[in-house]
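Student: Encoded as structure tokens, here's the structure I'll be asking about.
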Amino acid sequence: MFRARRTRYTATVEAVTRIAPRMARITLGGPGMSAFRCDEPTQWVKLFVTDPLDGRAAGRAYTVRHQSASRPCIDIDVVLHGKGPAARWAETARPGQEVSFGGPKGSFQPVPGADFYLLAGDESAQPAVLTIAEHLPPATRGAVYLEVAGPEAEIPVPRQAGLDVIWVHREAGRPKGQALRDAVLAADVPRHGVAAWAAGESGAVRDIRRHLTENLGLDRRHAYAKGYWKLDEADHRDPLASD
């Protein structure tokens, strides 16, 4: 995942907070992070942990949700789906455990001239979506679509005057991503000055990507869409992702 050599940091788990029934916020800190900087929305690190199931080392990419301005620590939000080494590790993570990570990588840059943003993501992309929403200029208008299992999975979101946050709930038994896809395809957006950012299940994001470029007519450079994961596939890489 990292083509270029990245700095490796050591960190200690400082806190594990259940922010939703299936979402844990892992706070990582310690002197080994004193040189780490994460200055832009959507930046991510590759977290290296030991799978509690088989004892093997594994690395997975996670968005940095927050970085403290006063001390060396970051928050990473992990979906507790139980199907991967990092998710299993997060289920059992406790303060005092040591981990390492490389990065950061990735960034988000506002689109010049865009005054309306369409943002969308499921639980896996929720941290990245929210970092964008929190960094947009105050006068920006837009709609933020977040798919979760139900009302119990909604988390407090800082409000920004021009952004509408729409929680999209999945119906029982319906594959993840379909409700988000349907909501985005039905969204009412302006005809001009629109930029979009979407991520989540690969099949749903593929449909969203097509809608953004073909139906809404967005320039591909203004319509980022990436499959963070794919149904029935481990550690998915999206070959069609916009850069």
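The numbers here are math on the coordinates, done by the rules we state, and not lab data. For clarity, every value in this text was computed on a predicted model and none was experimentally measured. Quick reminder, even Gly has a Cβ in these numbers, built from the backbone with ideal geometry, and neighbours come from all protein chains shown.
Student: Out of segment 159-207, which trypsin sites (Lys or Arg not before Pro) are coil in DSSP terms and have no more than 16 other C-beta atoms within 10 Å?
Tutor: When the trypsin sites (Lys or Arg not before Pro) of segment 159-207 are filtered for loop state and at most 16 Cβ neighbours within 10 Å, Arg159, Arg191 remain.
Student: Considering only DSSP beta bridges whose two residues both sit in the chain, what percent are antiparallel, to the nearest 5?
Tutor: 60 percent
Student: Mean shadow of segment 8-105, computed from the convex hull of its alpha carbons, in nm²?
Tutor: 5.8 nm²
Student: Now a separate question. Pull out a ≥ b ≥ c, the square roots of the eigenvalues of the alpha-carbon gyration tensor of segment 47-185, then state rounded if a/c is under 1.5, prolate if not and a/b is larger than b/c, and oblate in the remaining case.
Tutor: Since a/c reaches 1.5 but b/c is at least a/b, the shape of segment 47-185 is classed as oblate.
Student: Let me ask you something else. Spin-label point model (7 Å from Cα, Cβ direction): what's the Arg210 to Arg71 distance in nm?
Tutor: Taking the simple label geometry, Arg210 and Arg71 are separated by 5.0 nm.
Student: What Kirkwood hydrodynamic radius, in Å, does the chain give when the mean of 1/r is taken over all pairs of distinct Cα atoms and then inverted?
Tutor: Its Kirkwood hydrodynamic radius stands at 18.5 Å.
Student: Rg and Dmax of segment 116-229, using alpha carbons, in Å: what are they?
Tutor: 13.0, 39
Student: With n ≥ 4 as the cut-off for DSSP H runs, can you work out [θ] at 222 nm for the chain, using -39500 (n - 2.57) per run divided by the number of residues, rounded to the nearest 500?
Tutor: Calculated from helices alone, the mean residue ellipticity at 222 nm is -4000 deg cm²/dmol.
Student: If you place +1 on the Cβ of every Lys and Arg and -1 on the Cβ of every Asp and Glu, how big does the dipole about the Cα centre of segment 8-105 come out, in debye to the nearest 20?
Tutor: Dipole about the Cα centre, nearest 20: 140 debye.
Student: Do the alpha carbons of any pairs in Lys83/Lys105; Lys46/Lys83; Lys46/Lys226 sit beyond 21 Å of each other, and which pairs?
Tutor: Lys83/Lys105
Student: Pop a pseudo-label 7 angstrom from the Cα along the beta-carbon direction at both Arg174 and Arg191 and give the gap in nm to one decimal.
Tutor: 3.1 nm
Student: Given the Cα-Cα distance of Asp182 and Trp167 and 0.36 nm per residue of separation, how much length would full extension add, in nm?
Tutor: My answer for the length gained is 4.1 nm.
Student: Please work out the C-alpha center-to-center distance from segment 185-199 to segment 50-105 and express it in whole Å.
Tutor: Each part's Cα centre sits 32 Å from the other's.
Student: For Arg6 paired with Glu40, estimate the spin-label separation in nm (one decimal), with each label point 7 Å from Cα along the Cα-to-Cβ line.
Tutor: Calculated label separation equals 1.4 nm.
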